[in-house]
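The values are calculated or read from the model by the stated rules, or taken from the named source; none is laboratory data. No experiment lies behind these values; they were computed from the predicted model shown. Ideal geometry is used to build each Cβ from the backbone, glycine not excepted, and the neighbour counts take in all protein chains shown.
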């Protein structure tokens, strides 16, 4: 019997399912829920954390494929399918512009991200899929050997992994588009244009040095012009 059929016909069975769930699964769920809820608010996210989220969710998806179908003898083909679906979704969804309101702070290597429920939805989808399939295979282990089931689940894992990568790629474009997406001051733009986007800190340093030199040059003139 499929898990969905069981829950529709016997809703109270969900209590027994949750009771038999290991505690560490609840810990993972709580951590993922915190990540998803934090993404619903405007926030500053460091580069490392921005990249870590899609890596973690990709790892969770690959773990789902391996744990469900690792003993079926078709893991290599399933991993290839996962990669194909992830790359296809990345190519499609990664072309979009960064979310409105996204900005990059070059000094702190952090991004200002607008709040969105999309990360929460994707995180919940990956976790619930992993959890539900685990319960389903515990009830009916032979289902893992059905190619249609295995390939459908793997394709969904790959598509969701590609969506996580695509959202991160869209945000990272702010680093390459400083005039539109960063927090650099307007007076820094001529220096950045002259020295290139790849060395923004060097450009800002030259700008600061030039402003200090100009201040030292004009200070004696202001003093000499004061009335005695």
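The table that follows gives values for the structure above.
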| item | result |
| --- | --- |
| Pairs with Cβ under 7 Å, 6+ apart, first in segment 36-60 and under 13 Å from residue 110 (Cβ atoms), second in a helix (DSSP H, G or I) | 50/168; 50/171; 51/168 |
| Candidate set: segment 17-36, residues that are assigned to a loop (DSSP other than H, G, I, E, B) and under 14 Å from residue 130 (Cβ atoms); chosen: the one modelled with the lowest pLDDT | 21 |
| Any chance residue 95 is touching a helix residue (DSSP H, G or I) at 6+ places or on another chain (Cβ under 6 Å), assigned by TED's automatic domain parsing to the domain that holds residue 62, farther than 17 Å from residue 38 by Cβ and exposed (fewer than 15 other Cβ atoms within 10 Å of the Cβ) | no |
| Which numbered condition residue 135 fails, given (1) at pLDDT 90 or above; (2) surrounded by 14 or more Cβ atoms within 10 Å (Cβ to Cβ) | (1) |
